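The values are calculated or read from the model by the stated rules, or taken from the named source; none is laboratory data. Since the structure is predicted, the reported quantities are computational estimates derived from the model, not experimental observations. With ideal geometry, Cβ positions are generated from the backbone for all residues, glycine too; neighbour counts draw on all protein chains shown. All accessible areas refer to the heavy atoms of the entire protein, side chains included, with ligands and DNA or RNA removed. Shrake-Rupley method; radii C 1.70, N 1.55, O 1.52, S 1.80 Å.
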Amino acid sequence: MLEIRDLHVKFDVRSREAVAGVSLTIQDGEILGLVGESGSGKSVTAMSVAGLLPRRQCDYSGQVLLDGVDLLHAPRAELRKVQGKDIGVVFQEPQSCMDPLMKIGSQVEEVLCLHTHMDRAERRKLALEALAAVELPDPEAVYEKYPHQLSGGMCQRAMIAAAIVARPKLLLLDEPTTALDVTIQAQILELLKKLNRETGMSMLFISHNLAVVRKLCARVAVMQRGVLVEEGDTDQVFLHPREDYTKRLIAAIPTRNRKEGPQ
């Protein structure tokens, strides 16, 4: 479904490549975890898939194929046809990513305005269904609210609703639970499992936390300094890591006796 072939990305202001020859595949209905510390290149990889690279500020090569169509070198007009419709994106801090002056309902409907010819009533119906699908209480009330009127967890659910309303083939999730407390984080992970199970939507889940990835993803890829250093079934990588870097990531997982430190 998604195939990344020998992806290289180098920003003009940096001396080394942000992504240095990454190759990855995500199958239909699969949830792949991409982990690594800050600056490892995982978010730049996701930006490349989503068509969000600032092309004038970087050199890039390779291929990003969605159902055989290369997105990395596609014209902007072609990318706009894919963004939101075939690829949904959920960012880390929804309250800073959502428009504070737009009601939640309008933001959920935005992709439908761009990619369909539905009338207002049809868009509203699908938006309410999406808000209900992410288990927001009283979707009709949430539809009329502004982002600042929602909690962090509710706002993240609303952002997921906006990303899935058009039923994309692929959902990119860039650290979607990092800013949430542990209880809400667990709820969001269960929600993503449910969406994957019920819709068959493929997902690329980006995180620095292997423990979170283990709860959600069947397969995981580990990045360090722009390079893919390890890949395999999540339990296999977690229990029998080959690379010292992966072992250090696992050792950093907080336990009852060791709280999580600054990232």
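Numbers for the structure displayed
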read-out	value
Rounded to 10°, Cα long-axis angle of helix 182-199 versus longest principal axis of the chain	80 degrees
Mean Cα-pair separation over length for the chain, i.e. relative contact order, pairs under 8 Å, 6 or more apart, %	26 percent
Kirkwood estimate for the chain, i.e. one over the average of 1/r between Cα atoms, Å	19.0 Å
Cβ-defined net charge surrounding E243, 11 Å radius [Lys, Arg +1; Asp, Glu -1]	0
For L112, net neighbour charge (Lys/Arg +1, Asp/Glu -1) across residues whose Cβ lies under 15 Å away	+3
Å³ per residue enclosed by the Cα convex hull of segment 70-114	96 Å³
HN-Hα J in Hz across segment 2-12 - Karplus 6.51, -1.76, 1.60, θ = phi - 60°, x for Gly and Pro	10, 9, 9, 10, 6, 6, 10, 9, 9, 7, 4
Inter-label distance for R14 and V69, nm, one decimal - labels placed 7 Å from Cα along Cα-to-Cβ	2.9 nm
Stretch gain in nm, segment T199-D233, where the contour uses 0.36 nm per residue and the Cα spacing is subtracted	10.0 nm
Calculated over segment 113-263: convex hull of Cα atoms, volume per residue (Å³)	143 Å³
Over segment 1-153, volume per residue of the alpha carbon convex hull, in Å³	147 Å³
Pairwise label distance in nanometres, I253 with H115, each label 7 Å out on the Cα-Cβ vector	3.4 nm
Residue-normalised accessible area of the chain, given per residue in Å² at a 1.4 Å probe	49 Å²
Whether segment 9-57 is rounded, prolate or oblate, judged on the alpha carbon gyration tensor where a/c under 1.5 counts as rounded	prolate
Exceeding the 23 Å Cα-Cα cut-off - candidates K169/K193; K10/K42; K125/K169; K125/K194; K103/K215; K81/K145	K103/K215; K81/K145
